[in-house]
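Accompanying notes for the structure given below.
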């Protein structure tokens, strides 16, 4: 978790743990049944990529999309390292 937080903050974004929401969503078929199942929920502020008045993408959309791809890659790498 600290690795992800550091990665996000180094990219210039802010991180809040369990604020304003807490927890994540895990399919019930795995919840408390499979110890290898881990879950994380990441909220992205829509003002970074969306014009709320027109619901159109802003100039920040491509950067957020690329950052999310990189973040998912990091999560996959960290997950493989834990097994």
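The values are calculated or read from the model by the stated rules, or taken from the named source; none is laboratory data. What you see is a predicted model; the values in this text were computed from it and never measured. Counting neighbours? That spans all protein chains shown, and the Cβs are built from the backbone with ideal geometry, glycine included.
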Looking across the range 29-53 at residues that are modelled with pLDDT under 85 and surrounded by 12 or more Cβ atoms within 10 Å (Cβ to Cβ), the single one that is nearest to residue 67 (Cα to Cα) is 38
Residue 26 fails exactly one of (1) out of contact with any helix residue (DSSP H, G or I) (no Cβ under 9 Å at 6 or more places or on another chain); (2) assigned to a loop (DSSP other than H, G, I, E, B); (3) loosely packed, with under 13 Cβ neighbours inside 10 Å, namely (3)
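Would you check if there is a residue in the range 27-45 being in contact (Cβ under 8 Å) with a residue 40 or more places away in the chain and more than 15 Å from residue 63 (Cα to Cα)?
There is at least one residue in the range 27-45 that is in contact (Cβ under 8 Å) with a residue 40 or more places away in the chain and more than 15 Å from residue 63 (Cα to Cα).
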